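Inspection log for the structure reproduced underneath, given as structure tokens.
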Amino acid sequence: MSNVERKCRITGVSNPEHLRASHCKPWRDSSNEERLDGENGLLLTPSIDHLFDRGFIGFERSGALLISPVADRKSLERMGVRTGARLNVGTVAEGQRRYLDWHQEYVFLQSRLSRER
């Protein structure tokens, strides 16, 4: 992953001691090949990793940050996510796109209603 990501896409933190390798397609849902694929991940700070893993935030192929309609905006702000303006976190590698698509389809929380079905 170090060849693809160098810092947290949201906070800009680059010290590896403060970053986690976060899988876009979770370990439990990935094949052995996908688990080891450096493009199946992002470097994120622990709080941002939590938000991503739980589906409160996601990323479009364009790099635009997605904020779930069920996410608590005040909590996100306190965790370093600016919610008042559209944020683009930068170029997403071609190989990362399929994993981000998977995350958006199966992890990102669209709404409470769609999750309860």
Label model pair GLU77, GLU105: point-to-point distance (7 angstrom along the Cα→beta-carbon line) in nm is 3.6 nm
Among (i) 33, 13, 12; (ii) 32, 18, 9; (iii) 21, 18, 13, the value of semi-axes √(5λ) of the Cα gyration tensor in Å computed for this structure carries the label (iii)
Residue span ARG54 to VAL89: 0.36 nm per residue of separation minus Cα-Cα distance leaves a gain in nm of 10.7 nm
Simple spin-label estimate for ARG61/ARG98, 7 Å along Cα→Cβ, in nm, reads 1.3 nm
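A short reminder: the numbers here are calculations on the coordinates, not readings from a lab. As the structure is a prediction and not an experimental result, all values here were calculated from the model. Counting neighbours? That spans all protein chains shown, and the Cβs are built from the backbone with ideal geometry, glycine included.
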